[in-house]
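Working notes, structure below.
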Amino acid sequence: MRLRSFVSPLAVALLLSACADGPDPLLTGPVAGVPAPSFIVNGVPDGAGHPNVGAILYDFSANGAIEAEETFCSGSLIAPTVFLTAAHCLYGWPAGSQLYVTFDADLRDGASPLIPAVSAIYDPRFGHDRAHLYDLGVVILPTGSTAGITPAALPPAGYLDQRAARGGLRDQLFENVGYGLEAFFRPAPPRYRDPRQRLVSESPFMALQPTWLGLLMNANATGKGGDCYGDSGSPKFVAGTNMIVATVTTGDRICRATTWDWRLDTEAARSFLRGYVTLP
């Protein structure tokens, strides 16, 4: 299992040290000889499209300044003080670690404004096994810190199962929105770059499992896009809506083929979420 957060944070390093697969090396920075970037994977800058999607940062350099390159995961506001992300983004931090959230769509001039987290909590069942990973966490933000931002809507119980039973997922598109790496596959070998922006693309439905939503992200085959490292915890919107149905956990090693995302409409997810938000 390879998780979609950057491999540098202590939180991810601790987790991956216990997994069968070690962390994958990332090649960052400008890529010589590669055409204009295909953002997220084959996407575009989001701008003001999804103002409730943000990034999580930490002062890894310990220089007292939170810098754009210290972004390590993504997530979404689901209540005025509740920011949803992946458990593996929050796992293993030393006591007293101060995390920050920003909803700034463009971090190239620095991340601002920064919201200091009040606390960060992940599902205590996290990491049980792949089928029951419980990969959800929440960052609690100060009261009034997200004024003017409309939270994303959560799905009702069994939403994706009900859609699938009627064949309604067959041609469904989902929007990927996050702050993860850009992926370049031509010319080989794959290369990656940190765009320092909130990016958006679309992915078509692939498969539904009891706790997982699988999406296709092979741009050559679908003409669409996907997610990559740094998009962990970011939402999967039903295209054209404000409703998120899953959060990014994992995918293929080079961010080219598939993405597997932790469903939010299952009792496994809802039993954690109801402790922090009112569920539909």
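A short reminder: the numbers here are calculations on the coordinates, not readings from a lab. Note that this is a predicted model, so its numbers are computed, not measured. So basically every Cβ, Gly included, is an ideal-geometry build from the backbone, and we count neighbours across all protein chains shown.
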| message | Going by average Cβ density within 10 Å per residue, which order do the peptides 125-136, 170-181 take, highest to lowest? | response | 170-181, 125-136
| task | May I ask for the net charge around D171, where only other residues with Cβ less than 13 Å from the Cβ of D171 are counted and Lys, Arg are +1 while Asp, Glu are -1? | result | +3
| note | Residue span T143 to Q209: 0.36 nm per residue of separation minus Cα-Cα distance leaves a gain in nm of 20.1 nm
| In region 238-278, the trypsin sites (Lys or Arg not before Pro) that fall in loop regions by DSSP, at most 15 other Cβ within 10 Å | R253, R274
| field | Separation in nanometres of the label points that stand 7 Å from Cα toward Cβ, at E67 and A164 | value | 4.4 nm
| Cα→Cβ-extended label distance, 7 Å offset, between V118 and V44, nm | 3.8 nm
| task | Give the peptides 227-235, 59-67 in descending order of average Cβ contacts within 10 Å, highest first. | result | 227-235, 59-67
